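The values are calculated or read from the model by the stated rules, or taken from the named source; none is laboratory data. Just so it is clear, the structure is predicted and the values come from calculations on it, not from any experiment. Using ideal geometry, Cβ is built from the backbone for each residue, glycine included, and neighbour counts are taken over all protein chains shown.
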Amino acid sequence: MKYKVCIIGGGIIGTAIAYFLGKLGENSVAIFEKRYLSSGATGRCGGGIRQQWSTKSNVRLAMRSVEFFKKFKEEVGMDIEYRQGGYLLLSYSEEEARQFEKNVEMQREEGLDVEILSPRMVSKRYPYINTDGLILATFCPTDGHANPHKATFGYANAAKKMGIDIYTHTEVNGIEVKNGKICGIHTSKGYFECDIVVNAAGAWSKEVGMMAGVQLPTESYRHQIFVTEPLEYFFPFMAISFSGNFYMRQALHGQFIMGQGDKDEKPGINENVTFRFEKEMARKMTKIFPFLENVRILRHWSGEYNMSPDAQPILGKSDKIDNFYYAIGFSGHGFMLAPAVGEAIAELIVFGKTIHSDISYLNTERFKKGIVQEKNVV
Amino acid sequence: MSRRVVAHPILGDLIEEEVIEFEFEGLKLKALKSDTIASALISNGIDIFGFSESGKPKGFFCAIGKCSSCLVVVDGVPNVRACITPVRDGMRVERQKGKGKPVW
Amino acid sequence: MVKKVQALVIGAGPAGLCGSIAIAENGVEVLVVDEGLVPGGQLPKQTHKFFGHEGFFASVRGFEIGEKLYNDAVNLGVKFLMKTTVSGIYEDVIVLYDRENERIYEINADYVLIATGASERFISFKKNYLPGVYGAGAVQTLMNQYRVLPGNDFLIVGAGNIGLIVAYQLLQAGANVKAIVEASNKVGGYLVHANKVKRMGVPILLRHTIVEAIGEERVRGAVISEVDDSFNPIKGTEKELAVDTICLAVGLQPSIELAAQAGAEIKYIPELGGYVPIRDENMKTTVDNVYIAGDLASIEEASTAMIEGYIAGYNIAQKITGLDLSENISKMKKELEEFRRGPFSGKVRKGLKKFGVEFPEGGFRTEPQKDEGPAGKLRVKIECPQNIPCNPCETSCPTGAIDVGGNINGLPYVDYDKCIGCGVCVMKCPGLAIFLVQELSDYSIVGIPYEFELPEKGEKVLLLDRNGEIVGEGEIEKIVRNSKGKTHIVYLKVPKGLEDNVRHFVRHEEKEEEIVCRCEEITRSEIEKAIEEGYTDFEELRRYLRISMGPCGGRVCRLQTLSIISLKTGIPISELESGRFRPPSIPIPFKAILKGDEKDEI
């Protein structure tokens, strides 16, 4: 069996790339997923879609993605519960607040509508938030959230309709390289010849790199997340704080989804959960959102952030193997960037260059020049 | 308390127990001190504990806190499982309609 | 602060109680956690007598066994935490959620015995969401623990032991049972249980199922229909029954959530009840310090649950204390071997063999006694046709007239020379399967075991046969009360020649949509449609339809969904991925976690 493009990974990134390849007329494409679609980080994430970033390039990529999310239902054909309810960024440190003000200036220059709110304005607008200790907040009404599973299924179904094949429960266990070029992949369902391989393996990106003999600078870290029993929908935005280390949103269905980062996590794949996480979250979140006190935690799980050294994705072509492409290292924000990334990688494969988004600054070369950290990450 | 099994060939007669009063949808109802909210409601002839999001009536189902059929609002707090929550004197119980309302 | 215990037992049912006793007997500190209001698991609602032998409470009623075991455990210093759910076995700690005080506790344990039992299965039929459709266990809890009947006229779905027992208990509580429907072509439970309700006139309709509940706000009736060989309803055979309550007794599924969270390997073994943790003959799971016992390990009887509890408990005690308890352990293993020799253990034997735990079968008497005894003599008639592991008839007989042939599974024989017609065995038999007969010159005497409100001596009654059909009129000759055991003997005067027919009597004055996931209201057709669209993994369906994402955590719908996937795709359930079992196992309020921070003592 031969395909022009083999995509490794059936998460939002792999399916988005396949979809955009199909849109550009390339349908000799297959996705290989070792479990089921959205079984990795995609199906475990918070589902936020944010444009308020600290670097220009990320803001642009996110804004491009929002254009696609807005028309997802019409173009891709799946209702993904997309809602532009905004993102409320809460700052609890003076230093971060000053940075936020600078970010907003830059974001406005990029054409993003962002407000700066004082603690008084926050409590007036959102009486159910306790603003103790808050320095300032920023709010972007066009940020939002969606259902990541449905977005993945949406892209996958549309791709299938365009003749693209999807192999689930199919593990890739080797990449055949000859004379510095990939000629095929070994899977649990046999050998597939191909011209191009795309590494969209998320948490397993490093292992997939190793199969082709390439050392990739990504590491996976567990992030935990839980959901509550549903309440009536009243909380339309994502509340997030980098200095306070949390994020929370209410799904359209009513349940609250929330999480935090953990500096003590060691690299590696770990799908277990700790009670310490629930305890720390309970203490923090009931203080800021007192209405949570009588709300019940329903289900707790974990997924991996595939971290890159600067917390920004690694996109583009390998500098070692000409027909090996990457869309990895999303560092916890792959879902929200997926449409723009899918489009860009597809363009890169079909036209040899991107048309709508500049992703050249996100290749692996950048780490040789030094690291500019993206700060707006939980 | 029309549905009480007062006499029983194996368990014997119902032992007299303290009667308490609670409120359901504004009605004052009586219950035994050892009742759960569910057994108190059933003994008063009330089978409908609430309505689902789409308006279907809901009653209890498993009686041991394993399903979510019997959610009621107790003293304003939603999502309380009637079948494993003891009834209390003066408790205010309401039918839950769809999802619970947040309290702040 | 995290508290540390030597042994944690999860579940205070028969398995957990016996396990805690075995551990505590050897001086080890034990904490038992249970989410019920009272200890005993399902025992407090069991008003019937148990099968087995005296060592494991044969002929004692379930609720009395629960009390006895609980008292034994307390006397050994076992600590109990009731109304408390183990909400999760996390990577770092085990969390207990105390519902009464709305707070959590964090603990660590050197050894854990998980005896979480089972929960009821659910089936889908039209309008099954209506109030008035209840689980059989729920009805039992309500009527026997809270003394409330949720209706007057019942339809029971399922003729396994639970359906049969609940039907009988409903009759005892004063309700009407209109019918028991059973989709297969035979009664799944013990025939002696079936006979108890049949002779009271409750029809057991084989090859029948429920297709629809009738009513707007609550159940007002039920539509039943015949089924074909693949259990599909046959069009045109529908019948309506006027009932106000539909009681589902369609089986149990092991409650494996906590075992799965603890990391024990889980396998789908239908003979054992579905997904079960794999374990060795010492009841140890694939995790070194995690043991299991009871229905969680395989859906079976309370007696085997108790024995498994002892086996697990002695093994844990041996590990903790370093004592040699091999004698206690092998004694219990012998017991278990005896109990599992019979035909009713065939499924369990087959299931256990799948992971290398083998039990022998047979070695007992299967030929029923032909001799009916000398006519004219007051003597017993034992109607116990199946090889049930049970022997109180033998052990209770004061003259040694009854034996089961050495092995507890054997069919009982009566030595009519020794039988004096005293009736002790009639009162003891847990299956109410022993009768007394005597042919006299003008009429005959039939003595029957009776567990209802007693009639008056001399009262005229209608005589019923084994199927509850009226066969004539008789009179109460004599009543022997059994105030302790509560199985009385009523002696009836019956017309000559009917002594072999009469087995009960009545006193003259007596006589839309199919929802699969209840939490999220997801219907069977929605699931089938999604499968047709290509969502053929449980986790995909969960993410796509939200099935099993509701507050019940998938207990109601997981297995049903997997069977629908299996039916639609042709992939056996054992080869499907079951999906993850995420903590908490019961939703816990933030408040409770905060409160758990305040004080540390349990």
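Descriptive notes on the structure:
- Subset of region C:493-544 (residues that are touching a helix residue (DSSP H, G or I) at 6+ places or on another chain (Cβ under 7 Å), closer than 23 Å to B:G55 by Cα and either more than 10 Å from every other protein chain (Cβ to nearest Cβ) or among the basic types (K, R) (or both)): C:E514, C:V516, C:I522, C:R524, C:E526, C:I527
- Every residue from region A:253-264 that is out of contact with any His (no Cβ under 8 Å at 6 or more places or on another chain), modelled with pLDDT under 95 and at negative phi: A:H253, A:Q255, A:K263, A:D264
- Selection count, region C:92-112, where residues are buried (at least 18 other Cβ atoms within 10 Å of the Cβ) and not β-branched (V, I, T): 9
- Of residues in region C:99-122 being away from chain B (no Cβ under 12 Å) and part of a loop (DSSP other than H, G, I, E, B), the one farthest from C:A222 (Cα to Cα): C:N101
- The set of residues in region A:292-312 that are part of a helix (DSSP H, G or I) and at pLDDT below 95 comprises A:E293, A:N294.
- Only one entry of C:V9, C:V38 meets the criterion of being over 17 Å from the mean Cα position of the chain (by Cα) and over 26 Å from C:K333 (Cβ atoms), and that entry is C:V38.
- Considering (1) within 18 Å of C:G406 (Cβ to Cβ); (2) surrounded by 13 or more Cβ atoms within 10 Å (Cβ to Cβ), the lone condition that C:G362 does not fulfil carries the number (2).
- Flag if C:S574 is modelled with pLDDT of 85 or more, more than 30 Å from C:L463 (Cβ to Cβ), more than 12 Å from every other protein chain (Cβ to nearest Cβ) and in a helix (DSSP H, G or I): no
- Residue check: A:N323 meets all listed conditions (1) in contact with a strand residue (DSSP E or B) (Cβ under 6 Å, 6 or more places away or on another chain); (2) more than 14 Å from chain C (Cβ to nearest Cβ); (3) surrounded by 20 or more Cβ atoms within 10 Å (Cβ to Cβ) but one, namely (3).
- Top-ranked residue of region A:14-72 - restricted to ones that are hydroxyl-bearing (S, T, Y) and not assigned by TED's automatic domain parsing to the domain that holds A:A327, ranked as surrounded by the most Cβ atoms within 10 Å (Cβ to Cβ): A:S65
- Tally of residues being buried (at least 18 other Cβ atoms within 10 Å of the Cβ) and either within 13 Å of chain C (Cβ to nearest Cβ) or closer than 30 Å to C:P449 by Cβ (or both) across region B:10-28: 2
- Considered as a group, the residues in region C:225-254 that are in a strand (DSSP E or B), among the hydrophobic types (A, V, I, L, M, F, W, C) and in contact with a Gly (Cβ under 9 Å, 6 or more places away or on another chain) include one that is farthest from C:Q169 (Cα to Cα), and that residue is C:L241.
- Within region B:52-72, if we keep just the residues that are part of a strand (DSSP E or B) and within 7 Å of chain C (Cβ to nearest Cβ), the residue that is surrounded by the fewest Cβ atoms within 10 Å (Cβ to Cβ) turns out to be B:P57.
- Enumerated strands (runs of 3 or more DSSP E) restricted to region C:133-209, each holding at least 2 residues that are assigned by TED's automatic domain parsing to the domain that holds C:D229 and farther than 21 Å from C:F344 by Cβ: C:133-135, C:153-157, C:176-182
- Applying the criterion of being aliphatic (A, V, I, L, M) and over 18 Å from A:T228 (Cβ atoms) to the residues of region B:73-104, the residue that is nearest to the other protein chains (Cβ to nearest Cβ) is B:I84.
- Remark: pairs (first residue in region A:263-274, more than 18 Å from A:K206 (Cα to Cα) and within 13 Å of chain C (Cβ to nearest Cβ); second residue part of a loop (DSSP other than H, G, I, E, B) and aliphatic (A, V, I, L, M); Cβ separation under 8 Å; 6+ apart in sequence or on different chains) = A:T274/C:V93.
- Output for region A:279-307, where each listed residue is facing chain C (nearest Cβ under 7 Å) and among the charged types (D, E, K, R): A:K279, A:R283, A:E293, A:R296, A:R299
- Any hit, region B:38-51, residues being at pLDDT 95 or above, more than 10 Å from chain C (Cβ to nearest Cβ), under 27 Å from C:Q253 (Cα atoms) and crowded, with 22+ Cβ neighbours inside 10 Å: no
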